[in-house]
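S.K.: Got a structure for you, questions after.
Rule-based calculations on the coordinates, nothing more; no lab input. Because the structure is predicted, anything quoted here is derived from the model rather than measured. A quick note on method: Cβ atoms are made from the backbone with ideal geometry, for glycine too, and the neighbour counts reach across all protein chains shown.
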Amino acid sequence: MKPLGPIPTGYESRDGELAIGGKTARELVAEAGGTPLFVYSKAHLDARMAELRAAMPERLAIHFAVKANPFRPVIEHMAGLVDGFDIASGGELAMVTDAGIDPALVSFAGPGKRDAELEAAIAAGVTLNCESENEARRALAIGSRLGAAPRIAIRVNPDFELRGSGMKMGGGAKPFGIDAERVPALAREVIAAGADWRGLHIFTGSQALDAEAIAETQGNVLDLADRLAREIGHGPLPKLNMGGGLGIPYFAGDAPVDLDYVGEELSRRFATLPETLETTQLCIELGRYLVGEAGVYLCEVVDRKVSHGETYLVTDGGLHHQLAASGNFGTVVRRNYPVAIATRFGVEADEEANVVGCLCTPLDRLADKAMLPRADVGDLVAVFCAGAYGASASPANFLGQGSAREMLV
Ligand SMILES: *Cc1c(COP(=O)(O)O)cnc(C)c1O
């Protein structure tokens, strides 16, 4: 037996079925027209934001990192909740502008921005978080050709990282950002060239659950921003994107971030900010923390078979929609996500089963040796924590399978 990850709060059982937004799993599937299906819950998104606002200092703006979930209705719903959007490609730029998001609220990070992407962003008035000297200079050249002052911030590659974070994106040699000691010279150069100077972006990591590590890193980010602002010598920073890093529990033994601790520590720091940051717009950018637990992936059991005494529930879903749950998206050791039988939700587990996808590869596993209520052909499987890095981060075309349905309820 292998443990399953913790099912996020806010999911109830109605008539023995998982219910989301007041509808049962079977009702949702019927409404969507079939499985596999991602269901995202507005109520969950709203509750998460309310919790976060209540815990964080009022002054802290909250941005949504679109790469976690670019489903159009989700972007539109988030527009009513967050203060800004962070994008990382020209494709995401088109998604947010098509969704009617004000480009003034959007910042664009990510290495390898092509000239056409820089041009579209500058023309729209999006802030560029420049990842290299080369990129900043190309942006300045495109700006002068267009007759527009590009909004430029500099992404810093800090000398520290977020302890315990699932994906490290700062500290040491990195393709992201500009090494801290080179930032002041470049900042002075872009300011002198007439750019609309937007300050700094310092992202240190992702998927951290340890509140003390998060708070310590946020303190280090503020210290580094202060030091760099003094070296730049152009007065207070207009803006500081402090990065994100808040994670969600995916696996057995994971506990949610102690949000109150993070909020209290940040408030303490905000009460004594140096002059360089006194008037600065301060924000964090979050992806999975905002949307991850709001999504459930539903697939149907199409076969039930036994091999060498082990039961296999073969579903019509799989890693082509839920790469992360299969253990093939940045994990070293495969562990089970929270998984349940949606059509027998809240029913006591009485057998050990392996839940697999329909792809002809041994990588396609959704739950290993999991204790579940007995499921048969036609039952629905729910994979939780599917609201971030699911549909858009999985190889939907692998084996000619195609995309899953998605709905926001
Ligand atoms: C991926 C990414 C995020 C979002 O990360 P989450 O772990 O989903 O919160 C935020 N900022 C940057 C720069 C990123 O690359």
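S.K.: Return the single residue from His77, His44, His321 with maximal mean-square fluctuation; model: Gaussian network over the chain, springs between Cα atoms under 10 Å.
M.R.: Maximum among the listed residues: His77.
S.K.: Relative to the longest principal axis of the C-alpha atoms of the chain, give the angle of the C-alpha long axis of helix 115-124, reported between 0 and 90° and rounded to the nearest 10°.
M.R.: 80
S.K.: In whole percent, what relative contact order does the range 70-286 give with Cα contacts below 8 Å and a gap of six or more residues? List each step's numbers first, then the result.
M.R.: Working: 408 pairs, mean separation 34.0, N = 217.
It rounds to 16 percent for the range 70-286.
S.K.: Below 8 Å, C-alpha to C-alpha, sequence gap of six or more: please give me the relative contact order for the chain in percent. Kindly include the intermediate steps, with their values, before the conclusion.
M.R.: Details: 956 pairs, mean separation 91.3, N = 409.
Averaging sequence separation for qualifying contacts and normalising by length gives 22 percent for the chain.
S.K.: Here's something else I'd like to know. Cα centroids of the range 149-210 and the range 6-53: how far apart, whole angstrom?
M.R.: 37
S.K.: Treat every Asp and Glu Cβ in the chain as -1 and every Lys and Arg Cβ as +1, leave all other atoms uncharged, and give the resulting dipole magnitude about the Cα centre to the nearest 20 debye.
M.R.: 740
S.K.: Which parts of the range 3-32 would a label at Val333 reach, counting a residue when its backbone N lies under 15 Å from a point 7 Å out along Cα-to-Cβ?
M.R.: Answer for this model: 3-5.
S.K.: From zero up to wherever the largest Cα-Cα distance of the chain sits, split into 10 Å bins and tell me the percent of pairs in each.
M.R.: Each 10 Å bin holds this share of Cα pairs: 5, 22, 30, 23, 14, 6, 1, 0.
S.K.: Round to the nearest 10 and give me the degree value, 0 to 90, for the angle of helix 259-270's Cα axis relative to the longest principal axis of the chain.
M.R.: The two axes meet at around 0 degrees.
S.K.: Write out the GluC sites (Glu not before Pro) in the range 273-320 meeting two conditions: DSSP loop, and at most 13 other Cβ atoms within 10 Å of their Cβ.
M.R.: When the GluC sites (Glu not before Pro) of the range 273-320 are filtered for loop state and at most 13 Cβ neighbours within 10 Å, Glu278 remain.
S.K.: Using only Cα atoms, find the angle between the long axis of helix 183-192 and the longest principal axis of the chain, and express it within 0 to 90 degrees, rounded to the nearest 10.
M.R.: It works out to around 60 degrees.
S.K.: Using only the C-alpha atoms of the range 134-288, find the volume of their convex hull and express it per residue in Å³.
M.R.: 109
S.K.: Please pull out the direction-averaged projected area of the range 14-168, using the convex hull of its alpha-carbon atoms, in nm² to one decimal place.
M.R.: The directionally averaged projection comes out at 12.6 nm².
S.K.: What ratio of Cα Rg to 2.2 N^0.38 Å holds for the range 223-350?
M.R.: Compactness ratio reported: 1.63.
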